[in-house]
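Report on the following structure.
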Amino acid sequence: MALRQQPEALRLSAPQEKNPQSPIHPNPRSPMVGAGPEEDGGPISSSGAGHGRPPDGTDRSRDGAAAAGRGRGAPATGTSGAGRGRELIKVFLPDIHLISDPGLRIPIERFHPNIRGDVKKAYLLKGPTRPHGHNFPHNHDNRSFSKIWFKKNDWLEYSVEKDAAFCFYCFLFKQEPLDEKLGHDVFTKVGFRTWKNAYDAFPLHVGGPTSCHNRARTACDDFRNERASINHRVERHDINAEARYETRLTSSLLIASFLISQGLGFRGHNESPSSLNKGNFLEMLEWFKNRNSEVKVAFEEFCPQNAKMTSHMIQKDLTESCAIEVSKVIKEEIGDKPFTVLIDKSRDISVAEQMAVIVRFVNDKGMVVERFLGLKHVEDTTSNTLKKALLEMLGGYGLSIARLRGQGYDGASNMRGEFNGLQKQIRDENPHAFYVHCFAHQLQLVIVSVASCCSSFDDFFNYVGLIVTSASSSCRKKDNWRVVRFFSGKGKHQNTNLVRPGDTRWGSHFITLLRIESMWNSTVKVLSMIHEDERNPGRAGGLPIPRWGRSRLDGNLITQGHHYRVDTLYAALDAIITELDHRFNEVSSELLTCIACLDPRDSFSRFDIDKIARLTEIYDQDFSIVERSMIRDQLETFILHVRRVEDFIPCHDLGSFAIKMVETEKHIAFPLVYRLIELALLLPVATASVERAFSAMNIIKIDLRNRMKDDFNP
């Protein structure tokens with residue numbers, strides 16, 4: 001379990017400072033450390049290589065061992081040579097003692113035994129030194145170090161200062177050599193630089209199972225497993241303590257995941273023990289403890305004060321861990337599949353502009369899936385800013401814009417602009433990321449435009465808006481509407497009221513008219529009340545009634561049939577045709593026409609090979625020239641086959657047909673046709689899912705949590 005292993009990783013990255021006078025030392029029998037007086041003095045050769053001094057006598061350790069010995073509180077310097085009263089380093093300072101170049105490092109035996117474990121942990125976290133992009137110099141034999149050796153020998157590291165190779169494991173966990181001919185000191189102190197013999201020397205250094213190198217490697221593995229040392233037995237709890245720790249962690253994680261899924265806050269205003277309401281997290285934990293004795297014992301009887309798993313930082317870490325796991329699942333689910341993006345923007349309660357991003361793709365089962373990637377705060381709503389935020393979010397999930405096959409936005413000018421809008425900037429980088437204006441938005445805008453195309457429609461909906469406004473202006477007027485209730489079906493035993501129609505709320509005009517019709521008696525009663533209460537009766541007191549006959553101004557004869565046929569019906573039809581042509585561009589219309597030919601209803605009655613083959617030319621990046629030449633033959637075979645198979649008869653839409661193809665493995669038999677179906681399903685139709693994301697945002701970020709920043713802070 002990843003969360004269970006996290007405390008061990010934290011201890012490895014941040015070792016605790018031990019008391020130098022503590023009598024507790026590493027296990028003298030463990031192969032990871034030496035024993036006896038040589039550990040204090042250090043078996044250093046007379047050549048001085050053990051002190052970071054090369055064989056030529058020059059002191060190249062001015063930035064390393066010597067400087068470290070004279071550094072902050074580390075009196076480890078002394079006379080040169082081995083075992084001549086040299087002081088050990090008792091305080092480990094990573095900035096000084098942790099040296100990257102293996103040729104300049106301080107030998108492990110120079111450190112006090114109480115801090116050698118911390119030094120080894122620091123070097124293990126850092127790993128072997130392997131310079132990338134370095135030009136390895138040639139020696140007198142015109143040979144040089146080869147970077148390929150790094151891949152073949154994970155223990156190998158290179159010293160730029162000495163132009164020599166060293167063994168990382170032998171440096172940290174030096175074992176006494178059984179045979180001096182194995183070149184032990186060469187790979188730990190002097191450095192290997194005879195490159196022409198490297199292919200023979202490296203395997204010779206590794207040796208057999210009992211070689212010095214393999215014993216050092218085994219010691220490294222034992223050191224990484226803290227259970228093999230006495231320090232672990234003293235500092236760590238026993239198995240039961242770990243089980244209780246896992247119980248606390250699991251309980252906190254379950255509570256955090258529940259609160260996240262419900263969009264509830266974590267903290268309370270007063271979380272002290274005497275508080276009656278400590279917040280959702282702590283109150284739910286108390287409820288859990290009262291119903292589970294094991295959880296209660298883990299939290300109350302055997303719980304260290306620094307491992308309760310209830311602090312604010314722990315709550316935030318658990319939430320971030322859940323977000324990371326969800327993101328990981330989304331990444332694995334999408335993979336390298338083509339996808340489309342649905343984007344919308346809105347302001348939150350703190351008047352901060354938020355951009356919501358949702359990806360749409362077809363999974364391995366043939367199902368259309370939409371996944372919410374997240375909210376991104378943008379400083380402004382210009383197309384350049386939105387594009388930058390979108391690319392950052394896609395990059396965080398490892399999604400390439402080259403796999404983008406569609407864009408679904410609303411009709412704002414910064415989104416759908418033909419010259420500098422977001423969709424144009426995305427298509428400049430990927431021409432196959434076709435933009436589709438949300439169909440629901442477009443149809444709603446068509447209705448709004450048609451509603452104002454002639455005076456009769458315009459006056460009618462203006463009066464409808466006045467009725468809603470006037471009837472909702474006081475509690476007395478609204479009480480007359482609360483008499484009407486629904487007693488069957490959805491909304492049973494609930495009050496109903498009028499809804500104001502909006503330009504972007506889909507179907508709101510239709511809902512308002514239905515409400516007025518169902519509440520007609522109450523509507524007339526309230527309008528009569530308004531008429532009696534107003535000193536100057538307003539326009540909401542009655543609806544306009546058209547007058548027929550000869551006009552007094554221009555003398556034109558207007559009949560009732562002419563009014564409804566010409567001034568109303570024809571005007572509405574002209575407005576509808578004009579708006580539909582304006583809202584739906586040629587590319588979108590062509591895509592829709594071609595995709596409609598894949599409709600499985602009525603045994604593929606709309607199937608047209610020419611129009612479907614046209615899709616391969618529109619999406620030419622997804623189909624090679626050979627595949628485009630083969631598509632017609634495969635379509636002919638496909639339509640003959642599916643019309644004879646009974647499994648496809650119940651399919652009434654393209655989504656269910658794609659699922660059935662995967663279940664029957666027909667997507668393997670007709671891969672080009674299935675790829676066309678995938679691209680058709682990717683085409684965004686509406687942005688309703690993005691609107692729901694903003695609804696969830698308004699549930700989480702409310703007036704009581706209006707100071708919540710972009711980074712979650714429970």
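Computed from the C-alpha gyration tensor, the three semi-axes of the ellipsoid equivalent to the range 590-682 are 20, 14, 12 Å, from longest to shortest. Expressed in Å, the radius of gyration and Dmax of the Cα atoms of the range 94-231 are 15.1, 50.
Taking every C-alpha pair closer than 8 Å and separated by at least 6 residues, the mean separation divided by the residue count of the range 237-320 gives a relative contact order of 34 percent. Applying 1/(1 + (r/R0)^6) with r as the Cβ-Cβ distance of residue 87 and residue 122 and R0 = 22 angstrom yields a FRET efficiency of 0.60.
Under 5 Å from the amide H of residue 164 lie the amide H atoms of 159, each residue being 5 or more positions distant or on a separate chain, with H modelled from the backbone and absent for Pro and chain starts. Which of rounded, prolate or oblate describes the range 557-714 when judged by the alpha-carbon gyration tensor and an a/c cut-off of 1.5? Oblate shape, in that a/c is at least 1.5 and b/c is the bigger or equal ratio. Could you give log10 I(q)/I(0) at q = 0.11, 0.15 Å⁻¹ for the range 191-346, computed by the Debye formula over C-alpha point scatterers of equal weight, without solvent? Here the Debye-derived log intensity ratios amount to -0.73, -0.93. Sequence-distant contacts, meaning Cα pairs under 8 Å at least 6 residues apart, place the relative contact order of the range 337-438 at 25 percent. Computed on the range 78-164, the Cα convex hull volume stands at 135 Å³ per residue. Computed on the Cα atoms alone, the convex hull of the range 337-438 gives a volume of 100 cubic angstrom per residue.
Computed from phi, the 3J(HN,Hα) profile of the range 260-277 under the Karplus parametrisation 6.51, -1.76, 1.60 (θ = phi - 60°) reads 5, 5, 8, x, 9, x, 9, 8, x, 5, 9, 9, 6, x, 8, 6, 7, 9 Hz, with x in place of Gly and Pro. Label-to-label distance for residue 100 and residue 703 is 5.6 nm, based on points extended 7 Å past Cα in the beta-carbon direction. Packing, as the average of other Cβ atoms within 10 Å across residues, places the peptides 428-438, 322-332 in the order 428-438, 322-332, highest first.
Normalising by residue count, the range 237-320 has a Cα convex hull of 100 Å³ per residue. Remark: spin-label model distance residue 264-residue 143 equals 7.1 nm, labels positioned 7 Å along the Cα→Cβ axis. Residue pairs exceeding 27 angstrom between C-alpha atoms, taken from 147/337; 337/387; 126/189; 152/331: 147/337; 152/331.
Each residue of the range 203-210 was assigned a 3J(HN,Hα) from its phi angle through the Karplus expression (A = 6.51, B = -1.76, C = 1.60, θ = phi - 60°), giving x, 5, 5, 5, x, x, x, 9 Hz with x at Gly and Pro.
Quote the FRET efficiency, to the nearest 0.05, computed for residue 313 versus residue 382 with a Förster distance R0 of 41 Å and r equal to the Cβ-Cβ distance. Taking R0 as 41 Å, the efficiency between residue 313 and residue 382 is 0.65.
Relative contact order, whole percent, for the range 94-231 stands at 21, derived from Cα pairs under 8 Å and 6 or more residues apart. Close amide H partners of residue 375, meaning residues 5 or more places away or on another chain with modelled amide H under 5 Å apart, do not exist here.
Ranked by the mean number of other Cβ atoms within 10 Å per residue, highest first, peptides 335-347, 605-617 order as 335-347, 605-617.
Read-outs: derived from the displayed coordinates by stated rules, not from any lab. Please read these numbers as outputs of a predicted model, since none were measured by experiment. Here Cβ is always computed from backbone atoms with ideal geometry, including for glycine, and neighbour counts include all displayed protein chains.
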